[in-house]
Amino acid sequence: MDQSTFSRPLGAEAAAMRLLSDREVAARLSRSRRDFLRDAAGVALGTTFLGSSHFLRGQTAFKKRKVVVITFGGGARDQETFAPEGQENIPYMLKELAPRSTFFTQVINNGILGHYVATASLATGVYETLNNFSAIPPEHPTVFEYFRKDLKRPPSDAWVVAPSNGFNRIGESECRSYGQGMGARVILPKHLLNAATSGSTTDYDHLLRDNYETPLYAPQIGGGEFELRQLETILKLSVDDFKAHARMASSPDELSVYIAKRLMKQESPSLLWITMHDIDIAHSGAYSLYIDAIRRTDRLCAEMWKAIESEPEYAGNTTLIILPDFGRDADQDPGGNGFQHHRTGDPASRTTWMMALGAGIKEGVICDRPLQSIDLIPSLGAMMGFSAAQSQGTPIKELR
Ligand SMILES: [Zn+2]
């Protein structure tokens, strides 16, 4: 691997990097990312405004507007994605999606770097402090509750597709003042598959592993989750067909995207949130599996965009947002172990990115200024017409 990039410096440069403040390191990561994108995406990113946002304003726009949020797989480093030696792993994002997007190169996560708590923080716009390894609801209202309550939307209009049982409670907070029953419906494809196969076959073992970080943690869940019988009533899918599709799926995220596309077709939710998680297989230490997962996630993001463009309910009125929950440790951090974990809290693991494309979004724009993960939800509020009242983030003015 080429070790000459910003994120894997050698010798004197490595020493100098350690002297930089976290903020400087984040800014440097952000600048490199911008340069990588400009070179790789083949368009004059950041210099032209190719697309205008052809989108209605006012109440009509709010009524029709749909948003799909994808969290990018448990986080990856730049040297396996945007840096020159990593670009071969994300051809779809670089060639198909980036040129159509506004790309934010510096999205800082100042919260706890565990996948459930970080995703919950993304969804509430507050740095949540819940126990990452515990299937409990977020403390503050979620985007799904703001959306449904303010806009008076039915339960069918907000859905989450989540990777493991630990995410079962992501759809609705414990904030009672917000009222019960205003959250999103949550579907856990692995849980569904387990139910469909009664856990009795090894054909699906590669799809059923609940989490990569602490394999022994797999909470039992009950109540409120998507029930097996709803396969047929909501997704119009027989248990046998579902099992047949699952058998062909190469990973849990592929199964999640399959389910998400069924939901788009059958329920057409206006707010759809998909948490990808395959990349987190990096915790196993197997670099090749981590790379495979990045490539797959890249392909699946493009597949979701294709679905948005081809579904009549979504085409032309949908904004797609892709962002990681956080990154992974830098090689040079003495406490870290490179791609494998996210334990140090160093700037590399906190400085992520966000890509937005579709309705209302300018194409070919790069935004370098520092943003925070918690800015997402108030931004979605500005786009869709609800108030994220308890969020501590700030609306991102480029997202309208
Ligand atoms: Zn992880």
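The values are calculated or read from the model by the stated rules, or taken from the named source; none is laboratory data. From a predicted model like this one, the values you see are computed outputs, not experimental measurements. A quick note on method: Cβ atoms are made from the backbone with ideal geometry, for glycine too, and the neighbour counts reach across all protein chains shown. Note: areas computed on protein heavy atoms with side chains; ligands, DNA, RNA excluded. Shrake-Rupley method; radii C 1.70, N 1.55, O 1.52, S 1.80 Å.
The table below gives the values:
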| quantity | calculated |
| --- | --- |
| Exclusive hit being more than 16 Å from the ligand (Cβ to nearest atom) and under 20 Å from T102 (Cβ atoms), set L323, L271, L300 | L271 |
| Residues of segment 141-152 satisfying the condition of being open to solvent by less than 40 Å² (accessible area, probe 1.4 Å) and assigned to a loop (DSSP other than H, G, I, E, B) | P141, T142 |
| Matching residues, segment 373-400, being closer than 17 Å to A123 by Cα and surrounded by fewer than 20 Cβ atoms within 10 Å (Cβ to Cβ) | A382, G385, S387, A389, Q390, Q392, T394, P395 |
| Meets criteria (at pLDDT below 95, within 27 Å of E254 (Cβ to Cβ) and surrounded by fewer than 22 Cβ atoms within 10 Å (Cβ to Cβ)) for A195 | yes |
| Flag for L97 being away from the ligand (no atom under 16 Å from the Cβ), out of contact with any Pro (no Cβ under 8 Å at 6 or more places or on another chain), at pLDDT 95 or above and open to solvent by less than 20 Å² (accessible area, probe 1.4 Å) | yes |
| Failed item in (1) modelled with pLDDT of 95 or more; (2) over 14 Å from the mean Cα position of the chain (by Cα), with L300 passing the rest | (2) |
| Hits in segment 233-254 (condition: of a type in the set (S, T, Y), in contact (Cβ under 8 Å) with a residue 24 or more places away in the chain and either within 16 Å of L192 (Cα to Cα) or open to solvent by less than 10 Å² (accessible area, probe 1.4 Å) (or both)) | S251 |
| Among (1) more than 16 Å from the ligand (Cβ to nearest atom); (2) touching a helix residue (DSSP H, G or I) at 6+ places or on another chain (Cβ under 7 Å), the one test that F167 misses | (1) |
| Of the criteria (1) farther than 15 Å from L207 by Cβ; (2) in contact with a Phe, Trp or Tyr (Cβ under 8 Å, 6 or more places away or on another chain); (3) open to solvent by 10 Å² or more (accessible area, probe 1.4 Å), which one A286 fails | (2) |
| Close pairs from segment 182-206: first more than 30 Å from H140 (Cβ to Cβ) and assigned to a loop (DSSP other than H, G, I, E, B), partner open to solvent by less than 40 Å² (accessible area, probe 1.4 Å) and at pLDDT 85 or above, Cβ under 8 Å, at least 6 apart | Y204/L193; Y204/A246 |
| Residue count for segment 108-118, restricted to those that are assigned to a loop (DSSP other than H, G, I, E, B) and either free of Cβ contacts under 8 Å to residues at least 24 places away in the same chain or within 16 Å of the ligand (Cβ to nearest atom) (or both) | 5 |
| Some residue of segment 327-346 being within 14 Å of the chain's Cα centre (by Cα) and either open to solvent by less than 40 Å² (accessible area, probe 1.4 Å) or within 30 Å of K63 (Cα to Cα) (or both) | yes |
| Those residues of segment 255-276 which are more than 30 Å from G385 (Cβ to Cβ) and open to solvent by 10 Å² or more (accessible area, probe 1.4 Å), in sequence order | Y258 |
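Each row is one residue, and each column tells you yes or no for (1) open to solvent by 10 Å² or more (accessible area, probe 1.4 Å); (2) within 16 Å of the ligand (Cβ to nearest atom); (3) under 14 Å from the mean Cα position of the chain (by Cα).
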| residue | (1), (2), (3) |
| --- | --- |
| F72 | no, yes, yes |
| G75 | no, yes, yes |
| E85 | yes, no, no |
| P91 | yes, no, no |
| S101 | no, no, no |
| Q106 | yes, no, no |
| A120 | no, yes, yes |
| V126 | no, no, no |
| L130 | yes, no, no |
